[in-house]
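Novice: Attaching a single structure in structure tokens format; questions to follow.
The values are calculated or read from the model by the stated rules, or taken from the named source; none is laboratory data. All of these numbers come straight from a predicted model, not from anything done at the bench. Positions of Cβ are backbone-derived with ideal geometry, glycine not excepted, and every protein chain shown enters the neighbour counts. All accessible areas refer to the heavy atoms of the entire protein, side chains included, with ligands and DNA or RNA removed. Shrake-Rupley method; radii C 1.70, N 1.55, O 1.52, S 1.80 Å.
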Amino acid sequence: STGKYLAKLNYSHRPGLSNSYKSALHDIEVCDTSADATKSLIYKKVKIIVEHAYHNTRFYKEYYDMCNFDIEQLNGFEDIQKIPFVTKSILKEFDIKDISCVQPGRSLSNTGGSTGLPFYFYTSPEVFGHEWAHIHTIWKDLDFHSRDLKLNFAGRSSIKDFVDYDLLRHSLL
């Protein structure tokens, strides 16, 4: 019953999610206005990410320098194509501490390992609000709401009794 009440609390007001959720909703609205607004937003976000990666991780500093990529070359949307391409196999050559930066609240994540070799990386707490904003935007078109009970299927699980209830997401697992 607690989950029913928590489900009524809009994600824009949930502790730990609200800021990134509202920011992502704003970005979605901007992208709905025009192609130029979308390109501008994408450029600004990519520029921030590239600068952050270059200045805060050993891998990106070394990789960009090795590829003769100067982050000052990013002056507009069209310049995004100048960013050196990175693959999982390239990243796997480095220790996780070299492809990451320390951030409060980060959590260890991984790819599913469908190739037999999972790839581990850190995610910041902001990813959850961002992800849910996009999911809820898609659901809105289907007349489904975050307060509705969901059924969640996952590949691997630690569920003990065939079905568990996830209080935070108002979901049956």
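Novice: Which of the residues spanning segment 39-84 are open to solvent by 60 Å² or more (accessible area, probe 1.4 Å) and among the aromatic types (Phe, Trp, Tyr)?
Specialist: Scanning segment 39-84 gives a single hit, Phe77.
Novice: How many of the residues making up segment 119-148 are in contact with a strand residue (DSSP E or B) (Cβ under 7 Å, 6 or more places away or on another chain) and either over 27 Å from Leu91 (Cβ atoms) or open to solvent by 50 Å² or more (accessible area, probe 1.4 Å) (or both)? Don't jump to the end; show me each part of the working.
Specialist: Taking segment 119-148 first, the residues in contact with a strand residue (DSSP E or B) (Cβ under 7 Å, 6 or more places away or on another chain) are 119-123.
With the extra rule that they be either over 27 Å from Leu91 (Cβ atoms) or open to solvent by 50 Å² or more (accessible area, probe 1.4 Å) (or both), the set shrinks to 120-122.
The qualifying residues number 3.
Novice: Would you call Gly105 small (Gly, Ala, Ser) and open to solvent by 40 Å² or more (accessible area, probe 1.4 Å)? Write out each step before concluding.
Specialist: On the way: small (Gly, Ala, Ser): yes; open to solvent by 40 Å² or more (accessible area, probe 1.4 Å): yes.
So Gly105 passes the test.
Novice: Separate question: What about Thr87, is it open to solvent by less than 80 Å² (accessible area, probe 1.4 Å), more than 30 Å from Asp166 (Cβ to Cβ), β-branched (Val, Ile, Thr) and free of Cβ contacts under 8 Å to residues at least 24 places away in the same chain?
Specialist: The answer is yes for Thr87.
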